[in-house]
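The block underneath contains the structure these notes are about, expressed in structure tokens.
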Amino acid sequence: MEELTRGTNLEIERPLQSMGSAPEETSSADLVVGVLGESDPNTVAKMCDELRTVPGPLRIAVLHDDRQEGPAPVISETTEGRAFVFLVSSLLPKSDVSATGLPSMSETYQSVFAAAEKLQARGCCIMASKLESTTPPWAWRIAQPLFDSQADLVLPHYARRKFEGLLNASILAPMMRALYGKRVNNPMGPDIGVSQRLFQKMLAAKTTGNQLNSLASLTPTALCQNLQIIEVNFGARIYPPTDWSNLSSVLAEVLSPVFLDMERYAPFWQRTRVSLPLPVVGEPFPLDQDSPAMDTRDMVESFQLGNRELQEIWGLVLPPASLFELRKLSRLPVEHFRLPDELWVRIVYDFALAHRLRTISRDHLLRSMTPLYLGWVASYVHDLTLAGAMSPAHRLESLSLAYEAGKSYLVSRWRWPDRFNP
Amino acid sequence: MWEQVKQALVASTTRFLTRFANFLPGLVALILALLVSAVLAWILAAIVRRVLASFHFDERLGGWGFSSLAEWSPMKSPTRLISRSVGALVMVSGFLIGIAAFDFDWTYLFVQKMFAYIPDVLAALIVLFVGNVLARFLGRSVLIGAVNLNLQYARFLSVVVKWIVIVLAFAMALEHLRIAPGIVELAFGILFGGIVLTLALAVGLNSRDLIAKSVGRDVEKASSEAVEDPLRHL
């Protein structure tokens, strides 16, 4: 396994340094906790204190970025019959969790996996959300199923306000559900728990040159290898604010690994027919769903501009029927604008196919999807802000069902891209 | 008198026939060279086509970012474009070899000059090709970027960028071909300067309202976002 850790992260080559503990006590761990979100040392210390209340003879290593400003976190003494927690000073690659940065996040996840391998841990969990925003025992909540239920992947199920996590709600979660047959709510975490078996597979894939994204590919890999996945109900997390000028980069960076995984696991998902719910731990956290009135004019105008100017690109990707429907939609007034779920699903599937066929440059392809995505967001906002509108959960469930219903379209186009063109 | 005319006629006929006899082997050699080169061109083109098709060159080319080349290729197949280019090159070489078979000074000089010119032609073709691909790629990048920034003049920006690159590539190709280099330089300077000046004037004067509207909307949007934007994408 030494091979697996080599080359994944330069810092892993260096001996991991424990703080305030004898070397023999910290040479191995049962659980490795990687803290990626920016947090002050006191918060990390508080999290460590909470981990120390975990019953049982567990050894928990907390990876802490010692480049962060401020004094090192202070940890209280160990208690008999409770977990032994120690800090490991590590220079994890800087990840920009707040913005696009998916490639750099992938590297960071890979580094945590390598550290866990080096410490011979039975599992690791990664906390990427801001710790200040988390419910205190999050780290253990996400790690517990790895030990108690022998889960291989623990995913969060955040309590979500209706206009949060829209990229996940519109594409990632429903498409993952339709493709792989499991109703995953947050396939890309980012707060996740990973078993030794799964992180070793991810490390091995990296050494064999398989271009897996350590974050985006975790869920598809676990699903396709029939590993056990459990969801844990969490409270709300603080989502990074929208950078409108950078939205197309976000879209390209997030969708690219998802579409690559679709290509990689095509033999698996073409066999899947129905979707099943995942086991969930904990009770859902209720949230206030009130939100201020939204102005969708800019988003609809962006859709209309895209429809006017990007026809030459969309024409290479979408079939004539979809283009015709989009042209009709672009003539609607803002208040009546609705992008039907069926059309949206076919658009996403057609873009996935064009990504596979490399119809045009992949970066151009994914960026040119931005006006369509904004059109969906505007449509979603309209649906939820109408008087007597359905709840977000019902709205997203109907979208998920549309993804499942449209899967036969995807399979046909995937198998016969030239022949099947409705 | 009649005898002299007869002698002149015989001498002229002899000269013509001698020259024709000297010319004939060259002509036969030219025809033979063309025939052999045609056969060679056909064989080489077939080999190149098969080799490229065996590793799915057309699909791979798309993956390397040259998908626009297909639009310029016969039957939308870059493999065919390359194989036919190889065939044409062999045919041209055969023609030049055939021409050189004529034992005349001017054919020798012509062939020598043609061979010396071939690297320039190839360089010009490469410059044109790369310039064209680059122009289309950059034009598309600018178009998508500008649409995503909600700029109403996205198409205009894209076309300007595309034509600037094409004009630049064309001027560079003519420079390589050594076709009236002074005039090309001057014309390019005037044309390029004209495009930039037109763009500046369009932005500064004619599109003032458009830009003011666009910038105004951005400012308005930024200020409204600063108040509250409940949308979260990631």
**Study point:** Net +/- balance of residues flanking A:Val232 in space, Cβ distance below 10 Å, scoring K and R +1, D and E -1
**Key:** -1
Revision key, fill the gap. If R0 = 41 Å, then B:Thr14 and B:Arg178, at their Cβ-Cβ distance, give a FRET efficiency to the nearest 0.05 of 0.40
Practice item. Could you calculate the contour length gain from A:Glu263 to A:Glu312, that is, 0.36 nm times the residue separation minus the distance between their Cα atoms, to one decimal place in nm? Key: 15.1 nm
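Kindly identify region A:155-313 as rounded, prolate or oblate by the Cα gyration tensor criterion: order the square roots of the eigenvalues as a ≥ b ≥ c, call it rounded if a/c is under 1.5, otherwise compare a/b with b/c, prolate if a/b is larger, else oblate.
Oblate is the answer for region A:155-313, as a/c is 1.5 or above yet b/c matches or exceeds a/b.
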Check your understanding: So how far apart, in nm, are the two label points at B:Tyr117 and A:Ser245 if each is 7 Å from Cα heading toward Cβ?
Key -> 5.2
**Study point:** A:Arg197/A:Glu342 FRET efficiency (R0 45 Å; Cβ-Cβ; nearest 0.05)
**Key:** 0.70
Exercise for review: With a 10 Å radius around each residue's Cβ, average the other Cβ atoms per peptide and rank B:109-121, B:42-54, highest first.
Suggested key: B:42-54, B:109-121
Review point. If you take the beta carbon distance between A:Asp363 and B:Leu109 as r and set R0 to 51 Å, what does 1/(1 + (r/R0)^6) give as a FRET efficiency, to the nearest 0.05?
Key: 0.50
Practice item. Just flag the chymotrypsin sites (Phe, Trp or Tyr not before Pro) in region A:181-254 sitting in loop per DSSP whose Cβ has no more than 14 other Cβ atoms within 10 Å. Key: none
Check your understanding: Is the shape of region A:300-361 rounded, prolate or oblate, going by the alpha carbon gyration tensor and its root eigenvalues a ≥ b ≥ c, with a/c under 1.5 for rounded and a/b larger than b/c for prolate?
Key -> prolate
Review point. How many nm is it between the label spots at B:Ala21 and A:Trp416, if each spot is 7 Å from the Cα in line with the beta carbon?
Key: 7.3
Review point. What average number of partner chain Cβ atoms lie no more than 10 Å from the Cβ of the residues making up B:148-159?
Key: 4
**Study point:** region B:1-140: C-alpha gyration tensor shape, a/c 1.5 cut-off, then a/b vs b/c
**Key:** prolate
**Study point:** In region A:285-345, trypsin sites (Lys or Arg not before Pro) in a DSSP loop with at most 16 other beta-carbon atoms within 10 Å
**Key:** A:Arg331, A:Arg338
**Study point:** Fraction of accessible area attributable to carbon and sulfur, region B:1-118 (%, probe 1.4 Å)
**Key:** 72
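Once the piece of chain linking B:Arg60 and B:Val5 is laid out straight, how much longer is it, given 0.36 nm per residue of separation minus the C-alpha distance between them?
Values: separation 55, 0.36 × 55 = 19.80 nm, distance 7.48 nm.
Working it through step by step, the gained length comes to 12.3 nm.
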Study note, to complete from the structure: Once phi for every residue in region B:27-39 is put through the Karplus expression 6.51 cos²θ - 1.76 cosθ + 1.60 (θ = phi - 60°), the whole-Hz ³J(HN,Hα) values, with Gly and Pro written as x, are 5, 4, 4, 4, 4, 5, 4, 5, 5, 4, 5, 5, 5
Review point. Other chains near A:359-369: what is the mean number of their Cβ atoms within 10 Å of each residue's Cβ?
Key: 4
Review point. So, by mean Cβ neighbours within 10 angstrom, what's the order for B:81-92, A:375-386 with the highest one leading?
Key: A:375-386, B:81-92
Exercise for review: Can you check what the net charge comes to around B:Arg178, using other residues whose Cβ is under 14 Å from the Cβ of B:Arg178 (Lys, Arg +1; Asp, Glu -1)?
Suggested key: -2
Review point. A:Ile192's amide H: which non-local residues (gap 5+, or another chain) put their own amide H closer than 5 Å, with H modeled 1.01 Å from N in plane and none for Pro or chain starts?
Key: A:Ile126, A:Ala128
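As a quick test, which of the pairs B:Lys76/B:Lys162; A:Lys206/B:Lys76; A:Lys182/A:Lys206; A:Lys46/A:Lys118 have an alpha carbon distance above 30 angstrom in this structure? Let's see the in-between values first.
Working: B:Lys76/B:Lys162 22 Å; A:Lys206/B:Lys76 37 Å; A:Lys182/A:Lys206 25 Å; A:Lys46/A:Lys118 25 Å.
With Cα atoms farther than 30 Å apart: A:Lys206/B:Lys76.
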Revision key, fill the gap. With A:Arg273 itself left out, Lys, Arg at +1 and Asp, Glu at -1 over residues whose Cβ is under 15 Å from its Cβ give +4
Check your understanding: Label A:Glu335 and A:Thr53 with points 7 Å out from Cα along Cα→Cβ: what is the distance between them in nm?
Key -> 5.3
Exercise for review: Work out which residues of region A:162-191 lose at minimum 10 square angstrom of accessible surface when the other protein chains are put back, relative to the chain isolated, with a 1.4 angstrom probe, and list them by number.
Suggested key: A:Phe163, A:Glu164, A:Gly165, A:Leu166, A:Leu167
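The values are calculated or read from the model by the stated rules, or taken from the named source; none is laboratory data. Keep in mind it's a predicted model, so treat the numbers as computed, not measured. Positions of Cβ are backbone-derived with ideal geometry, glycine not excepted, and every protein chain shown enters the neighbour counts. Quick note on the areas: whole protein, heavy atoms, side chains included, nothing else; ligands and nucleic acids left out. Shrake-Rupley method; radii C 1.70, N 1.55, O 1.52, S 1.80 Å.
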